[in-house]
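First comes the structure, then the notes that go with it.
The values are calculated or read from the model by the stated rules, or taken from the named source; none is laboratory data. Quantities reported herein were computed from a predicted structural model and do not represent experimental measurements. Glycine also receives a Cβ, built like all others from the backbone with ideal geometry; neighbour counts cover every protein chain displayed.
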Amino acid sequence: MIAHLWSHLDRALSEALGIPLQVQSRQPVGGGSINTTYRLEYQGAKGKQAFFVKLNRPSRVDMFAAEAEGLGVIAASHTIRVPQPILWGSHDQHSYLVLEYLDLSGRGSPQAGAQLGYDLAAMHQVQGSRFGWHRDNTIGSTPQINTWREDWVTFYRQHRLGYQLGLARRYGGTWQNQAQFVMEHLEIFFQDYQPPPALVHGDLWGGNYGFLPDDTPVIFDPAVYFGDPETDLAMTRLFGGFPPEFYQAYDQVRPPQSGWRERLPLYQLYHLLNHLNLFGSGYLAQVIQTVEHCYHVIQARGRDRVIGEG
């Protein structure tokens, strides 16, 4: 069946680029847990050209279409480099997404790390009028709901924490009562902060960026929407992998806002819940710890308010 897919892609790429292509090699590429990936190399009128291909089940075609559109939105911002989407669709037993192949063998110097921070901050300066996006996409392979909302707290409560907590109901425990308490008191975290609806990557962990040989930063595998820029920064700190120069440069463009440290675990909770729902109970202890932390922040804020009023 995959031979039919390769023939289809050979023809589709030639048509999309408007030049005949002669396949040179097809090599599997490791590193992903959701899709099967390949590097395709062709010989054409412009010399050798390489492409990066993601494959999945036919039912995943909307996931690839949303990813391609998200890459296009970031590219159109002219702020940070992303791989260009070439074509996407489904054929026989596969859905596919074809991207330009980028050589991410750059060494990632301190200057490159700083440039990544500057570029991401520039992307976060691109603002919309509401929170969300015109279509849903995925976070990993989990549906990510992006229905437009005027209010960030409502959006984050309903379409981020609420959705993931609904999926996590199978994991019982008193922590879910605490999580519901956090959901009901989210406004506590935003008493002195009104985030802008900024263009965010949505899934910016250490495995979703790299550097070209000339050290140009590149981000990929987005789950874009318009949300609080702090959500991207929270994800960068969840699993590590970002140099100090990145944060120093970012902060020069967008200085940290009051209360960001308290919101950090609140935003990381969304991704931890997603990992729990995707990969199982190995993430449960970290989810519980983060829920308890947010719960105690709210309680402490409540006591401070009562004392202040007294």
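Considering only residues that are surrounded by 16 or more Cβ atoms within 10 Å (Cβ to Cβ) and among the aliphatic types (A, V, I, L, M), which ones fall in the stretch 273-283?
If the condition is that a residue be surrounded by 16 or more Cβ atoms within 10 Å (Cβ to Cβ) and among the aliphatic types (A, V, I, L, M), then LEU273, LEU276 are the ones that fit.
Each row is one residue, and each column tells you yes or no for (1) touching a Gly at 6+ places or on another chain (Cβ under 9 Å); (2) within 14 Å of GLY227 (Cα to Cα); (3) buried (at least 17 other Cβ atoms within 10 Å of the Cβ).
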| site | (1), (2), (3) |
| --- | --- |
| LEU99 | no, no, yes |
| GLN111 | no, no, no |
| ALA114 | no, no, yes |
| MET123 | no, yes, yes |
| GLN127 | no, yes, no |
| GLY132 | yes, yes, yes |
| ILE139 | yes, no, yes |
| PRO143 | no, no, no |
| TRP148 | yes, yes, no |
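This table checks each residue for (1) touching a helix residue (DSSP H, G or I) at 6+ places or on another chain (Cβ under 7 Å); (2) among the small types (Gly, Ala, Ser).
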position	(1), (2)
ARG237	yes, no
PRO244	no, no
TYR247	yes, no
VAL253	yes, no
ARG263	yes, no
LEU276	yes, no
GLY282	no, yes
VAL287	yes, no
TYR295	yes, no
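Taking into account only those residues within the stretch 79-97 that are in a loop (DSSP other than H, G, I, E, B) and either of a type in the set (D, E, K, R) or at pLDDT 95 or above (or both), which is surrounded by the fewest Cβ atoms within 10 Å (Cβ to Cβ)?
Restricting to residues being in a loop (DSSP other than H, G, I, E, B) and either of a type in the set (D, E, K, R) or at pLDDT 95 or above (or both), the top hit is ASP92.
For every residue, the table says whether it meets (1) in contact (Cβ under 8 Å) with a residue 12 or more places away in the chain; (2) closer than 29 Å to GLN289 by Cα.
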{"residue": "ALA114", "(1), (2)": "yes, no"}
{"residue": "GLN127", "(1), (2)": "yes, no"}
{"residue": "ILE139", "(1), (2)": "yes, yes"}
{"residue": "ILE145", "(1), (2)": "yes, yes"}
{"residue": "PHE155", "(1), (2)": "yes, yes"}
{"residue": "HIS159", "(1), (2)": "yes, yes"}
{"residue": "ARG169", "(1), (2)": "no, yes"}
{"residue": "TRP175", "(1), (2)": "yes, yes"}
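Filter the stretch 93-112 for residues that are in contact with a Pro (Cβ under 8 Å, 6 or more places away or on another chain), closer than 30 Å to GLN27 by Cα and not aliphatic (A, V, I, L, M) and give the result.
Those that are in contact with a Pro (Cβ under 8 Å, 6 or more places away or on another chain), closer than 30 Å to GLN27 by Cα and not aliphatic (A, V, I, L, M): GLN93, HIS94, SER95, GLU100, TYR101, ASP103, SER105, GLY106, GLY108.
Within the stretch 69-78, track down each residue that is touching a Phe, Trp or Tyr at 6+ places or on another chain (Cβ under 9 Å) and either outside any helix (DSSP H, G or I) or crowded, with 20+ Cβ neighbours inside 10 Å (or both).
Across the stretch 69-78, the qualifying residues are GLY70, LEU71.
Tell me whether the stretch 27-40 contains one or more residues that are loosely packed, with under 13 Cβ neighbours inside 10 Å, over 25 Å from VAL224 (Cβ atoms) and over 28 Å from the mean Cα position of the chain (by Cα).
Within the stretch 27-40, none of the residues are loosely packed, with under 13 Cβ neighbours inside 10 Å, over 25 Å from VAL224 (Cβ atoms) and over 28 Å from the mean Cα position of the chain (by Cα).
Mind counting the residues in the stretch 46-68 that are in contact with a helix residue (DSSP H, G or I) (Cβ under 9 Å, 6 or more places away or on another chain) and either in a helix (DSSP H, G or I) or hydrophobic (A, V, I, L, M, F, W, C) (or both)?
3
Checking GLN111 against (1) part of a helix (DSSP H, G or I); (2) within 16 Å of the chain's Cα centre (by Cα), only one condition comes out false. Which one?
Going through (1) part of a helix (DSSP H, G or I); (2) within 16 Å of the chain's Cα centre (by Cα) one by one, GLN111 breaks only (2).
Here's a check for you: in the stretch 40-92, which residue that is among the basic types (Lys, Arg) and in contact with a Ser or Thr (Cβ under 6 Å, 6 or more places away or on another chain) is nearest to ALA12 (Cα to Cα)?
My answer is LYS54.
Which pairs have Cβ atoms under 9 Å, sit 6 or more apart or on different chains, and link a residue in the stretch 6-25 that is under 14 Å from GLN49 (Cβ atoms) and not assigned by TED's automatic domain parsing to the domain that holds PHE51 to one that is exposed (fewer than 15 other Cβ atoms within 10 Å of the Cβ) and acidic (Asp, Glu)?
From residues that are under 14 Å from GLN49 (Cβ atoms) and not assigned by TED's automatic domain parsing to the domain that holds PHE51, there are no pairs.
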